[in-house]
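See below for the structure under consideration.
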Amino acid sequence: MSNIFNFRLDTSNIEDSEEKHEARQKLIKDSWNNITNHFLKKGKRIKLKYWPDDIPSGYSEYGIKQIFESDENAYKEIDTDELHIVNAEINKRVIEFFQKNMTDNHVFISPFFHFDIINEDGIPIFTSQDNGDNLLMFLTEEDLAYIDKSLLIRIPEM
């Protein structure tokens with residue numbers, strides 16, 4: 001078994017000029033897109049979390065209906081924080097939906113409020129929270145060969 005390392009994406013943007021700020025935001029978004037694509041190919045299931053009261057406002061439920069409909073075996077659950085979850089297989093339709101929405105122009109890094117990508121053992125290997133502002137992942141040595149490390153922050157093991 002290969003070593004696994006815990007990382008987060010550095011989404012900070014302390015640039016002082018508008019031009020540098022925009023360039024940094026583009027770099028962050030591109031990194032988020034690349035890493036997310038990598039894990040969509042690697043993962044087996046996706047769990048999108050949302051607040052049911054947000055449905056009229058559209059804040060946290062972006063993509064919920066489309067992901068639920070993309071897998072005939074998808075199901076809904078509720079976590080301990082009362083967040084609702086759509087649990088679906090990562091299939092071609094899910095990947096295509098994500099990729100289309102990665103290229104659309106959104107205010108946030110990600111249009112998706114909160115989701116986890118789960119491996120074949122049922123373990124979360126990737127979490128994107130707060131519309132992409134918090135991105136945590138477990139990377140193997142093999143993953144590190146395919147992912148740009150310039151914005152990665154390694155989280156020390158305890």
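The values are calculated or read from the model by the stated rules, or taken from the named source; none is laboratory data. In this text, all values refer to a predicted model and were calculated from it rather than measured experimentally. Positions of Cβ are backbone-derived with ideal geometry, glycine not excepted, and every protein chain shown enters the neighbour counts. With ligands, DNA and RNA removed, areas are computed over all heavy atoms of the protein, side chains included. Shrake-Rupley method; radii C 1.70, N 1.55, O 1.52, S 1.80 Å.
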Taking the Cα centre of the chain as origin, work out the dipole magnitude from +1 charges on Lys and Arg Cβ and -1 charges on Asp and Glu Cβ, in debye rounded to 20.
420 debye
Can you give me the distance in nm between label points at ILE78 and LEU27, each placed 7 Å from the Cα along the Cα-to-Cβ direction?
4.4 nm
VAL107 accessible area, 1.4 Å probe, all protein chains in place, Å² to nearest 10:
140 Å²
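Express the relative contact order of the stretch 65-141 as a whole percentage, based on alpha carbon pairs under 8 Å and six or more residues apart in sequence. Present the calculation step by step, with values, prior to reporting the outcome.
Details: 93 pairs, mean separation 13.8, N = 77.
It comes to 18 percent, rounded to a whole number.
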So with the 1.4 Å probe, I'd like the accessible area per residue for the chain, rounded to whole Å².
59 Å²
Specify which residue in the list ALA145, SER110, LEU135 is farthest towards the positive end of the charge dipole of the stretch 108-147, using unit charges on the beta carbon of Lys, Arg (+1) and Asp, Glu (-1), about the Cα centre.
SER110
Tell me what the chain gives for mean residue ellipticity at 222 nm when only DSSP H runs of n ≥ 4 count, each as -39,500 (n - 2.57), the sum divided by the residue total, rounded to 500 deg cm²/dmol.
-9500 deg cm²/dmol
With a point put 7 Å past each Cα toward its Cβ, work out how far ILE4 is from THR140 in nm, to one decimal.
1.1 nm
Per 5 angstrom bin, beginning at 0 and ending with the bin that holds the maximum distance, the Cα pairs of the chain fall in percents of 1, 9, 17, 22, 20, 15, 10, 4, 1, 0
Segments 46-52, 22-28, 144-150 sorted - mean Cβ within 10 Å per residue, highest first:
46-52, 22-28, 144-150
Accessible-area value, ASP71, 1.4 Å probe, nucleic acids and ligands omitted, Å²:
10 Å²
What whole-number value in cubic angstrom gives the convex hull volume per residue for the C-alpha atoms of the stretch 55-139?
119 Å³
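Of all the accessible heavy-atom surface of the chain, with the other protein chains kept in place and a 1.4 Å probe, what percent is carbon and sulfur? Don't jump to the answer; show the numbers that get you there.
On the way: 4730 of 9280 Å².
Whole-percent figure for carbon plus sulfur exposure: 51.
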